[in-house]
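The values are calculated or read from the model by the stated rules, or taken from the named source; none is laboratory data. Note that the coordinates shown come from a computational prediction; the quantities given were computed from them, not determined experimentally. Cβ placement follows ideal geometry from the backbone for every residue including glycine, while neighbour counts extend to all protein chains displayed.
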Amino acid sequence: MGSHPGLLKPVPFIWLDGKLVDWSAATLHILSHSLHYGCAAFEGIRCYRRADGKSALFRVDEHIRRLFDSCQILTIEPPFSQEEIKRACLETIRANQMSECYVRPLVFLGEGGLGVGSLDVPTRVAVAVYQWGAYLGDEGLRRGIRAKVSSFTRGALNSNMSKGKITGQYVNSVLAKREVMRAGYEEAILIDAQGHIAEASGENIFVVRHGRILTPPLSSPILAGITRETITLLARELGLQVDERTFGRDELYTADEVFFTGTAAELTPVREIDDRRIGSGEVGAVTKRIQEAFFAVVKGAEPRHPEWLTWL
Ligand SMILES: Cc1ncc(COP(=O)(O)O)c(C=O)c1O
């Protein structure tokens, strides 16, 4: 993650296979299946300390449901229910006495067989929590970042199971992100096999043009981002029009505003793409309005969408 907050600060406990263990004891065997073939499902969830001092997990039910969807795609059966993994998230945050953190559940295949299709390997579950600041930097949140279209194509619909948050698929994102970071940019934008803009390496993408908002449809090879859905709804609640349709990189270059959405990146404005200034080069008015609405919902004192919050 280069200059961005990436180094993990250990906390006392990690939840592993049903119980809390010391951070340093949460290890696995080198011949674990997932390590070799990338068959594991994961999530990223944020717990926010809100303006009234209380903490809440944001849309945890939707995240756990997507974790189980990812497992369904992989034909992996988690040995815990959705409710048990949700409880594990809450228990791990409390045990580590955290009021604001990032939560990383992981369902993975352990040690047993190393055939690509081995069925006789145990399915294991971990939940880790750690401090994670603004993924694309505090300055990025405030002033916008510089992005570059990667030379790596987003995996086609029948190659990558884009609706699954599956570890092995992130090689594509890592290649794209490293490529553009080495070239001095902060985030990579990936194009799909048809030439349409898909998403960023770890975020969904939105474009604002003539006051209307545009984002690639879910029929594109993109993750069905929970922040994407949240932002779409909040924008519509503000009276803004959001269209879901495919578009090419020319519409990115000529946009008035562009922003990324994701649990880690929250709502990060993009001020430059491929060395072209986007709009005025400053954070645009529409982006700012939606960003404020987003932070009010996740961090504000008044729960405008109480159904999205699970209190600690
Ligand atoms: C490739 C990709 N797209 C989009 C997102 C945004 O998804 P969400 O808003 O659910 O965090 C993420 C992050 O999880 C991601 O890794």
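Data overview
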| read-out | value |
| --- | --- |
| Hey, Val107 among the hydrophobic types (A, V, I, L, M, F, W, C), touching a strand residue (DSSP E or B) at 6+ places or on another chain (Cβ under 8 Å), assigned to a strand (DSSP E or B) and touching a residue at least 40 places away in the same chain (Cβ under 8 Å) or not | yes |
| Single match in Thr310, Thr287, Thr268, Thr246 (criterion: among the hydroxyl-bearing types (Ser, Thr, Tyr) and within 18 Å of the chain's Cα centre (by Cα)) | Thr268 |
| Enumeration of residues in the range 145-177 that are outside any strand (DSSP E or B) and aromatic (Phe, Trp, Tyr) | Tyr170 |
| Of residues in the range 174-183 being surrounded by fewer than 20 Cβ atoms within 10 Å (Cβ to Cβ) and in contact (Cβ under 8 Å) with a residue 24 or more places away in the chain, the one farthest from the ligand (Cβ to nearest atom) | Ala183 |
| Only one of Ile64, Ile73 that is at negative phi and crowded, with 20+ Cβ neighbours inside 10 Å | Ile64 |
| Which listed residue, of Val121, Val107, is touching a Gly at 6+ places or on another chain (Cβ under 9 Å) and either more than 30 Å from Ser55 (Cα to Cα) or in the same structural domain as Glu43 (by TED's automatic domain parsing) (or both) | Val121 |
| Any hit, the range 197-211, residues being more than 14 Å from the ligand (Cβ to nearest atom) and of a type in the set (A, V, I, L, M) | yes |
| Matching residues, the range 28-63, being part of a strand (DSSP E or B) and within 16 Å of the ligand (Cβ to nearest atom) | Ala40, Ala41, Phe42, Ile45, Arg46, Cys47, Tyr48, Leu57, Phe58 |
| Residues within the range 249-265 that are hydroxyl-bearing (Ser, Thr, Tyr) and under 21 Å from the mean Cα position of the chain (by Cα), tallied | 2 |
| Filter result for Pro221 (without any contact (Cβ under 8 Å) to a residue 40 or more places away in the chain, within 15 Å of the ligand (Cβ to nearest atom), assigned to a loop (DSSP other than H, G, I, E, B) and not assigned by TED's automatic domain parsing to the domain that holds Arg66) | no |
| Hits in the range 229-257 (condition: outside any strand (DSSP E or B) and under 20 Å from Gln194 (Cβ atoms)) | Arg245, Thr246, Phe247, Gly248, Arg249, Asp250, Glu251, Leu252, Tyr253, Thr254, Ala255 |
| Total residues in the range 201-213, condition surrounded by fewer than 22 Cβ atoms within 10 Å (Cβ to Cβ) and assigned to a strand (DSSP E or B) | 2 |
| Selection from the range 1-19 of residues that are crowded, with 17+ Cβ neighbours inside 10 Å and either at pLDDT 95 or above or of a type in the set (D, E, K, R) (or both) | Val11, Phe13, Ile14, Trp15, Leu16 |
| Qualifying positions in the range 55-90 - within 18 Å of Leu309 (Cβ to Cβ) and not hydrophobic (A, V, I, L, M, F, W, C) | Ser55, Arg59, Asp61, Glu62, His63, Arg65, Arg66, Gln82, Glu83, Lys86, Arg87 |
| Enumeration of residues in the range 258-308 that are within 16 Å of the ligand (Cβ to nearest atom), assigned to a strand (DSSP E or B) and aliphatic (A, V, I, L, M) | Val258, Leu267, Val270 |
| Only listed residue being within 16 Å of the ligand (Cβ to nearest atom), surrounded by fewer than 17 Cβ atoms within 10 Å (Cβ to Cβ) and over 30 Å from Gln194 (Cα atoms), chosen from Ala128, Ala134 | Ala134 |
| Ile226 being out of contact with any Cys (no Cβ under 8 Å at 6 or more places or on another chain), within 11 Å of the ligand (Cβ to nearest atom) and assigned by TED's automatic domain parsing to the domain that holds Leu190 | yes |
